[in-house]
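One structure below.
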Amino acid sequence: MRIVVTGGAGFIGSHFVRRAASGAYTGGELPEIVVLDKLTYAGNIANLDPVGESPLLRFVHGDICDRPLVTDVLKGADLVVHFAAESHVDRSIAGSEEFVRTNVLGTQTLLNAAADGDVAKFVHVSTDEVYGSIDDGSWTESAPLEPNSPYSASKASSDLLARAFHRTHGLPVCVTRCSNNYGPYQHPEKVIPLFVTNLLDGRKVPLYGDGANVRDWLHVDDHCRGIALVAERGTPGEVYNIGGGTELTNIGLTERLLEMLGADWSMVQRVPDRKGHDRRYSVDIGKISDQLGYRPLISFEQGLAETVEWYVSRRDWWAPLKKAERSY
Ligand code: NAD
Ligand code: DAU
């Protein structure tokens, strides 16, 4: 079995690769894995070190917008799992061009190559943010797409392209929409690793606005298991929400992190709110649970404790990333 993983040197993609390389998603059989990654600021080849010696892993340094390269890499693949994206909301507010290029044009390039290259299954990894913000209740997959940031708008556009390639060209593509992930190897621009590493450095943590925004936190391993289930048994043309983690306000999350790192509220700096800051995300996971038997397995308490431990022990991994970008 040959699996192509785009963005496999990023946070979630590398987790998927590390697990897939151990046969976790193929009943113990070891698949051939090709990682296609541009190694932007968010990509880190060191994320693949634990499986770097595997003879079945090939790394291709390249851009998902490069049509000839993508055509070559995707041809005849049994499975493409598409993670590659510009993923950080604040960066999309500062400048959206790269988001449209990679997330929209890059996805279209991949879908085109997959349709032409007889790819057996394509999973497009998307986000709950495409639905917009919801005060009460949860979105099902049939909720309208009402993205509010340039990031989520670019992801929504790519979701629609995936749908169109299924309807028009019969491409066997599924879309997954997941809630906020946490776990090891997450770039320190995202809130959990940012707050943990700032506190480890004795620096304050910047809490946006009133801190009452709600996110549903899911361990990256639970997300990747959901993706693998969709890859194996998802119906082509369908969308599957993935979530069911722990809903927390940012104040609630900050409180937990302060306590775990032995700090108090004097270490919190209130800063102006993110522009267009979505209040709450919440996905209904009834479809993937009922149809594919999915449920999250890692409790937030256990997952967060292990994640904090990982950052405590892996300063070698995150310190250079924070140094490269002073604003963290
Ligand atoms: P990330 O920013 O950590 O990693 C993105 C990876 O894509 C990096 O390795 C980067 O080098 C690569 N990449 C970027 N542009 C590229 C290009 N043009 N060509 C090839 N490679 C390129 O992202 P992540 O947090 O791991 O997210 C992965 C996917 O999951 C994204 O599509 C994101 O929208 C989606 N998602 C993320 C979350 C989350 O909480 N992080 C939740 C739901 C969905
Ligand atoms: O919901 C899924 C999405 O989750 C993914 O699609 C995105 O790729 C991923 O980045 C994440 O988006 P968020 O914007 O929710 O994540 P972030 O870690 O940037 O912020 C989480 C919350 O914390 C959000 O309400 C903003 C707040 N925050 C964030 C930062 C970086 C702060 O209060 N201070 C900060 O410095």
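Some observations on this one:
- Matching residues in the stretch 107-133 - criterion: being more than 16 Å from ligand 1 (Cβ to nearest atom) and assigned to a loop (DSSP other than H, G, I, E, B): Gly117, Asp118, Val119, Ala120, Lys121
Residue-wise test of (1) buried (at least 16 other Cβ atoms within 10 Å of the Cβ); (2) closer than 16 Å to Val81 by Cα; (3) without any contact (Cβ under 8 Å) to a residue 24 or more places away in the chain.
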residue: Phe11; (1), (2), (3): yes, yes, no
residue: Ser14; (1), (2), (3): yes, yes, no
residue: Val17; (1), (2), (3): yes, yes, no
residue: Ala24; (1), (2), (3): no, yes, no
residue: Ile33; (1), (2), (3): yes, yes, no
residue: Leu39; (1), (2), (3): no, no, no
residue: Asn44; (1), (2), (3): yes, no, no
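- Hey, Leu48 within 18 Å of Tyr185 (Cα to Cα) and surrounded by fewer than 20 Cβ atoms within 10 Å (Cβ to Cβ) or not: no
- Failed item in (1) under 19 Å from the mean Cα position of the chain (by Cα); (2) closer than 30 Å to Ala305 by Cβ, with Leu160 passing the rest: (2)
- When residues of the stretch 18-67 are limited to those that are in contact with a Ser or Thr (Cβ under 9 Å, 6 or more places away or on another chain) and part of a strand (DSSP E or B), the one farthest from Leu79 (Cα to Cα): Asp37
- Checking Phe11 against (1) within 15 Å of ligand 1 (Cβ to nearest atom); (2) in contact with a His (Cβ under 9 Å, 6 or more places away or on another chain); (3) among the hydrophobic types (A, V, I, L, M, F, W, C); (4) farther than 21 Å from Leu229 by Cβ, the condition it does not meet: (4)
Yes/no per residue for (1) of a type in the set (Val, Ile, Thr); (2) under 23 Å from Gln302 (Cα atoms); (3) touching a Pro at 6+ places or on another chain (Cβ under 7 Å):
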| position | (1), (2), (3) |
| --- | --- |
| Cys174 | no, no, yes |
| Asn181 | no, yes, no |
| Leu199 | no, yes, no |
| Thr235 | yes, no, no |
| Glu238 | no, no, no |
| Asn250 | no, yes, no |
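- Any chance Val5 is in contact (Cβ under 8 Å) with a residue 24 or more places away in the chain and away from ligand 2 (no atom under 16 Å from the Cβ): yes
- All strands (runs of 3 or more DSSP E) inside the stretch 191-305 with 2 or more residues being buried (at least 17 other Cβ atoms within 10 Å of the Cβ) and modelled with pLDDT of 95 or more: 205-208, 214-219, 239-242, 246-249
- Here Asp135 passes the criteria (1) closer than 20 Å to Leu110 by Cβ; (2) in contact (Cβ under 8 Å) with a residue 60 or more places away in the chain except the one numbered (1).
- Counting the residues of the stretch 83-133 that are within 19 Å of the chain's Cα centre (by Cα) and closer than 11 Å to Pro150 by Cα gives 15.
- Selection status of Gly137, at positive phi, surrounded by fewer than 23 Cβ atoms within 10 Å (Cβ to Cβ) and modelled with pLDDT of 95 or more: yes
- Considering the stretch 75-93, and only residues there that are charged (D, E, K, R), part of a loop (DSSP other than H, G, I, E, B) and out of contact with any Phe, Trp or Tyr (no Cβ under 6 Å at 6 or more places or on another chain), the residue that is nearest to ligand 2 (Cβ to nearest atom) turns out to be Asp78.
The values are calculated or read from the model by the stated rules, or taken from the named source; none is laboratory data. Only a predicted model underlies this, so the values are computations on that prediction, with no experimental measurement involved. Heads up, the Cβs are rebuilt from the backbone with ideal geometry, glycines too, and the neighbour counts pull from every protein chain shown.
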